[in-house]
Amino acid sequence: MNAPALETRGLHKSFGALTVANAVDFRLESGARQALIGPNGAGKTTFVELVTGALRPSAGQINLDGADVTDLPQAARVKRGLVRTFQITALFRGLSILENVTLAICERQGIGGGLFWPAGRYRAAIEEAHALLEQVGLEDEALSPVTTLAYGRQRLVEIAISLALSPKVMLLDEPAAGVPSAESGTIIEVIERLPTDIAMLIIEHDMDLVFRLAQRITVLVQGSILVEGTPEEIAADPEVRRVYLGERPRR
C-alpha cells in the first residue's frame with residue numbers, strides 16, 4: 001500500500017491547560033480532494049499551522065509522502081511539496097503577475113538569490129510562469145502589476161504561485177473568502193482543473209463549495225476529529241447537524 005500524501009498520528013497541541021489539537025489521526029491520500037470543516041474555534045487553523053510547521057506540536061507525528069517531517073521548518077516542508085494558500089493573499093504587490101510567479105519558480109530551483117543576473121538566464125523559468133498563468137486564465141494580464149487586479153484575480157495569482165512550487169499537497173485555506181460571487185465561480189473552476197496528482201485539502205466555511213469540490217470531508221470539533229466520510233454521509237450525520245445547526249438528535 002502506498003503511503004498517504006499527508007498523514008498525522010496522535011497530533012497534539014496545548015498551550016498550558018488549553019488543548020487545541022487532541023490526538024488527531026488524519027490521512028490525505030495521494031490525489032485526493034478532501035475538505036476540513038468545523039465550527040469557529042474547532043481548531044482548523046491550528047491543525048494547518050501544525051502541518052505546515054508554523055506551530056510545533058506538543059506530541060505526535062506529521063508524515064509527508066511517508067517521510068517524517070515533524071521537526072522540519074516551514075521552508076523545508078515547502079521544498080518537499082507541502083504548499084499552503086492563505087485566507088489573505090500574500091503577494092509582492094510592487095511586482096507584476098509574471099514576476100511573482102517567476103520568483104516562485106526560481107525559489108523552487110534554488111536560484112532565487114541570483115535574480116540580479118540578466119533576465120535571459122531565467123528564460124526557462126519565465127516560460128514556465130507563462131504556462132502556469134495560462135493554466136489559471138491570467139496569461140493576458142501577465143505583465144500587469146498585482147495591485148491592478150481585483151481581489152478574486154489575486155487569488156488566481158496565488159494558486160499559480162502554489163503550482164510553481166511543484167506541490168504534492170496543496171492546502172487551500174478558504175480559497176473563495178472575501179471574493180464576490182461573480183469571481184468565486186472562476187476560482188472554483190480553476191481549482192477543479194488542477195492536476196489530479198496533487199492531493200488537495202480545502203479548509204472552508206462555504207458548504208456549497210465544500211460539497212462541490214470534496215470527495216471526502218473531515219469534521220473537526222474542539223481540536224478532535226468528530227467524523228469523516230463522503231459528502232453524502234456528512235450531510236446525513238446527526239452529530240454533524242447538531243454541531244452546525246444546533247439540531248437535537250431524534251429519539
What pairs come out if I take residues in segment 164-178 that are without any contact (Cβ under 8 Å) to a residue 12 or more places away in the chain and pair them with residues that are among the aliphatic types (A, V, I, L, M) and surrounded by fewer than 23 Cβ atoms within 10 Å (Cβ to Cβ) whose C-beta lies under 6 Å away, six or more apart or interchain? none
What's the number of the only condition in (1) over 25 Å from D206 (Cα atoms); (2) in contact with a helix residue (DSSP H, G or I) (Cβ under 8 Å, 6 or more places away or on another chain) that A160 fails to meet? (1)
Among what's in segment 43-52 and is surrounded by 21 or more Cβ atoms within 10 Å (Cβ to Cβ) and not β-branched (V, I, T), pick the residue that is nearest to P231 (Cα to Cα). K44
Tell me whether segment 13-33 contains one or more residues that are touching a helix residue (DSSP H, G or I) at 6+ places or on another chain (Cβ under 9 Å), more than 29 Å from T196 (Cβ to Cβ), without any contact (Cβ under 8 Å) to a residue 60 or more places away in the chain and not in a strand (DSSP E or B). no
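The rows are residues; the columns are (1) at pLDDT 95 or above; (2) part of a helix (DSSP H, G or I).
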{"residue": "L72", "(1), (2)": "yes, no"}
{"residue": "V78", "(1), (2)": "no, yes"}
{"residue": "R84", "(1), (2)": "no, no"}
{"residue": "E99", "(1), (2)": "no, yes"}
{"residue": "T102", "(1), (2)": "no, yes"}
{"residue": "G113", "(1), (2)": "no, yes"}
{"residue": "W117", "(1), (2)": "no, no"}
Please list, ordered by residue number, the helices (runs of 4 or more DSSP H) wholly in segment 150-224 having 3 or more residues that are in contact with a Ser or Thr (Cβ under 8 Å, 6 or more places away or on another chain) and among the aliphatic types (A, V, I, L, M). 151-164
Quick check on my filter: what residues within segment 190-207 are surrounded by 11 or more Cβ atoms within 10 Å (Cβ to Cβ) and among the acidic types (D, E)? E204, D206
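The values are calculated or read from the model by the stated rules, or taken from the named source; none is laboratory data. This structure is a prediction, so every number in the text was calculated from the model and none was measured. Backbone-built Cβ (ideal geometry, glycine too); neighbour counts: all protein chains shown.
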